[in-house]
Amino acid sequence: MASRLQVTRNDDVRVIRFLDQKLGGDLPIQLGDELQDIAAETDCTKILLSFSGVDFFASDMLGKVVSLNKAMRRKGGKLALCEICPRLRQVLATTSLDKLLTVRSTEAEGLAALA
């Protein structure tokens, strides 16, 4: 199955971008598995998830992000999110996930939060 993620490196940070505009249906399962595989790499200690271009994600995608955050914390790593559209930011605020997760407006701010 082809990856639905674009992974690049910025020094010691894996910057992950989603290739799909809508993260629903079966995608959260595939994406969750791919994200966990990246997090499991021994040299992966910092991940920045960029949601630029994403205008919808299903609640199960939120669960995958929370699981990724737990996996990174267990190994002493860090996770940050950025480029989230206003409507999806509201979802994070409503669910209080914006308090659990590190959320920044821009990629540069996300990278700074992981420094």
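Laboratory data are not the source of any read-out in this text; all were calculated from the coordinates shown. Model, not experiment: these values are computed from the prediction. FYI the Cβ positions are ideal-geometry reconstructions off the backbone, even for glycines, and counts take in every protein chain you see.
Restricting attention to the range 39-59, does a residue exist that is free of Cβ contacts under 8 Å to residues at least 12 places away in the same chain, surrounded by fewer than 14 Cβ atoms within 10 Å (Cβ to Cβ), acidic (Asp, Glu) and assigned to a helix (DSSP H, G or I)?
no
Tell me yes or no: at least one residue of the range 81-103 is crowded, with 17+ Cβ neighbours inside 10 Å, on the phi < 0 side of the Ramachandran plot and of a type in the set (D, E, K, R).
no
Out of Arg17, Arg73, Arg9, which single residue is in a strand (DSSP E or B) and either more than 13 Å from the chain's Cα centre (by Cα) or exposed (fewer than 12 other Cβ atoms within 10 Å of the Cβ) (or both)? Steps first, answer last, please.
On the way: Arg17 fails: either more than 13 Å from the chain's Cα centre (by Cα) or exposed (fewer than 12 other Cβ atoms within 10 Å of the Cβ) (or both); Arg73 fails: in a strand (DSSP E or B).
On inspection, the qualifying residue turns out to be Arg9.
Filter the range 91-114 down to the residues that are outside any helix (DSSP H, G or I), of a type in the set (A, V, I, L, M) and in contact with a Lys or Arg (Cβ under 9 Å, 6 or more places away or on another chain) and list them by number. Give the steps one after another, and end with the answer.
First, the residues of the range 91-114 that are outside any helix (DSSP H, G or I): 95-96, 101-106.
Next, from what is left, pick out any that are of a type in the set (A, V, I, L, M): 101, 103.
The answer is Val103, and nothing else.
Pick from Leu79, Leu88, Leu68: which is in a strand (DSSP E or B) and touching a residue at least 24 places away in the same chain (Cβ under 8 Å)? Before you say what the answer is, go through the steps one by one.
Numbers: Leu88 fails: in a strand (DSSP E or B); Leu68 fails: in a strand (DSSP E or B).
So the residue among Leu79, Leu88, Leu68 that is in a strand (DSSP E or B) and touching a residue at least 24 places away in the same chain (Cβ under 8 Å) is Leu79.
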